[in-house]
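Asks: The structure is given below, and queries will be raised subsequently.
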Amino acid sequence: MEKFIRERQRRWLSAIEKTGAMLVTHSPNVRYLTGFTGSAGVLAAADGKLAFFTDGRYTTQAREQVVGAKIAVKKKPALRSALEWLVSRRSTQVAIEAEHVTVEQSTAIQKSLKEIGTKMRLVPQCGVVQRLRTIKDADEIGRIRDAVALASSCLDRALAAIAPGTPEGDVAAQLEYACRMAGAEGMSFDTIVAGGVRSALPHGVASRTPLPKHGFVVLDYGVILAGYCSDMTRTVHIGRPTVKERAIYEAVLEAHEAAKAAVRPGVTCGEVDAAARKVLTRAKLEKYFTHSTGHGVGLEIHEPPRIGKKQDDLLAAGMVITIEPGVYLPGEGGVRIEDMVLVTDNGFETLTPTPKSLVTL
Ligand code: ZN
Ligand code: ZN
């Protein structure tokens, strides 16, 4: 673990060489760069030196977890202490996380700088640490594999709970209970169980609606294990699917396989998305595919890169992404099939072990 964190810090320091100093406040980024899992910690870097600031509640935890940074536990707010440290190190400018610093934090930073009496300049930058996080190291890939395996192993419990008249929420509850009992720290997002016409809602979070006698049921869920998220979707059918329903399922599955087959280092995310869309266009279903083909997953459930239309970010070995095309016919039903995939040196590896042929219940 420690050697991985030190390597992340080395990559981070070289990414911020131009600005020289940076303040990291977004907890998943702080965790990634230090190992600290608490919610109140600020990491600062100046001229190659790292310092971690927190308050009295986290003294023990910080000493146990933080790697490769000087630990400072102060009575003052961590952000204020970090700014004072940066000024003491004669930083003239400091990068801040533009997409995470709130208006409130920004106001507090400005106020502190005035009180300290420094001319240190703030340089808002986007995605500095997130970009590093897109490429997973061996420690992260191991954790993600474990999370994916745990979640997949619990699907049968949800399927066993599916029956006409059973509320979607009951199915979600059984699934989540099984995940927790198997060791999950929590779910990585609100579990989606959407039956019948509700399966046409791409984000049909499990409701009290009873499952129908006939129709698709979309199950989209994930767990958090050792800090890392998993994400998978399977669509099953209650009763005998019609010819049309079977055709839709097969088209989505074909789009899923086509997108995967496009995954390798050096292709753009847009090309992977286009591969799925091409199949659905041929099946005259493209206009019902209303979201992106996938997204990165790691410490957070939605991370860069986004596998969407015209996205020109390049895939690289070590990225972990989802492939999740879907087709949603309003008032009828929907199908989505989602796996997690690791980009390898010469292609991809499917991480999700669960079969994808249509299950009827
Ligand atoms: Zn999902
Ligand atoms: Zn997803």
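Asks: Compare the peptides 26-37, 49-60 by average per-residue count of other Cβ atoms within 10 angstrom and give them in order, highest first. Let's see the in-between values first.
Replies: Numbers: 26-37: 21.0, 49-60: 17.7.
In decreasing order of mean packing, 26-37, 49-60 become 26-37, 49-60.
Asks: Counting pairs of alpha carbon atoms under 8 Å apart in space and at least six apart in sequence, what relative contact order in percent does the chain give? Each step should come with its number before you reach the end.
Replies: Working: 805 pairs, mean separation 50.1, N = 361.
With pairs under 8 Å counted, the relative contact order is 14 percent.
Asks: Considering only C-alpha atoms, what is the centroid distance from the range 282-360 to the range 179-246, in Å?
Replies: Spelled out, the Cα-based centre of one part sits 15 Å from the other.
Asks: Suppose we look only past 27 Å in the calculated P(r) of the chain. What percent of the Cα-Cα pairs does that tail hold? Can you show the working numbers first?
Replies: Details: 34118 of 64980 pairs.
The share of Cα pairs beyond 27 Å in the chain comes to 53 percent.
Asks: What number, in percent, do you get for the relative contact order of the range 114-185 if the mean sequence gap of Cα pairs under 8 Å and at least 6 apart is divided by its residue count? Could you put the intermediate results ahead of the total?
Replies: Numbers: 22 pairs, mean separation 20.5, N = 72.
This gives 29 percent for the range 114-185.
Asks: With an 8 Å cut-off on Cα pairs and a minimum separation of 6 or more residues, tell me the relative contact order of the range 15-80 in percent. All intermediate terms of the calculation are to be shown ahead of the outcome.
Replies: Working: 108 pairs, mean separation 19.1, N = 66.
Relative contact order, the range 15-80: 29 percent.
Asks: Helix-only mean residue ellipticity at 222 nm, the chain, DSSP H runs n ≥ 4 weighted -39,500 (n - 2.57), per residue, nearest 500. What is it?
Replies: Values: 11 runs with 130 residues, N = 361.
Estimated from H runs of four or more residues: -11000 deg cm²/dmol.
Asks: Another question, if that's okay. Å³ per residue of the Cα convex hull, for the range 1-75? Numbers along the way, then the final one.
Replies: On the way: hull volume 5.7 nm³, N = 75.
Each residue corresponds to 76 Å³ of Cα convex hull volume.
Asks: Cβ neighbours within 10 Å, averaged per peptide: list 254-265, 280-291, 225-236 in order, most packed at the top.
Replies: On the way: 254-265: 20.9, 280-291: 16.1, 225-236: 23.1.
The packing order, highest mean first, is 225-236, 254-265, 280-291.
Asks: Let me ask another. Using the per-residue mean of other Cβ atoms lying within 10 Å as a proxy for protection, in what order, highest first, do the peptides 40-47, 66-73 fall?
Replies: Working: 40-47: 22.4, 66-73: 18.0.
Final packing ranking: 40-47, 66-73.
Here, each number is a calculation from the coordinates, and none is a lab measurement. Owing to the predicted nature of the structure, the values given are computational and were not obtained by experimental measurement. Note that each Cβ is placed from the backbone with ideal geometry, even for glycine, and that neighbours are counted across all protein chains shown.
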